[in-house]
Amino acid sequence: MKSYRPAVLFLVLVLAVPAALLAQKFSGSIRGNVTDPSGAMIADAEVTATNTGTGESLTTRANAEGEFVFPDLAIGVYNVEVKKAGFKNYVAKAWECTSPALLRLTPS
């Protein structure tokens, strides 16, 4: 009698490996707070994250509590810039996004 065990094992491996690769997450996130030098939260600040490798930029605004988030960013190194009228522009350079990162940005 012929054994089908090797063929079945091979088929299971062929089907399982692509599924495991699809389950991998190749993204991270940057979340943080925008505060002034005294520690007070700055609402409605424009926050831009720029991937230094690709030049791709994403922009969001801080909420009423000064919080912002960039979910599902491609893995890479980012410069994060904050702009708000009445404050100097602030840039946090070379933040490596390999997993969720938390930043506190303090423009003066």
Sort Ile30, Ile75, Ile42 by Cβ crowding within 10 Å, fewest neighbours at the top. Ile75, Ile42, Ile30
Charge tally in the Cβ shell below 12 Å around Ala43, where Lys, Arg are +1 and Asp, Glu are -1, Ala43 excluded: -3
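Determine the relative contact order of the stretch 32-80: mean sequence separation of Cα pairs under 8 Å and six or more apart, normalised by residue count, in whole percent. Before the final figure, lay out each step's value.
Numbers: 86 pairs, mean separation 19.8, N = 49.
Relative contact order comes out at 41 percent.
Here, each number is a calculation from the coordinates, and none is a lab measurement. The shown structure was predicted, so the numbers you read here are calculated from the model rather than taken from an experiment. Here Cβ is always computed from backbone atoms with ideal geometry, including for glycine, and neighbour counts include all displayed protein chains.
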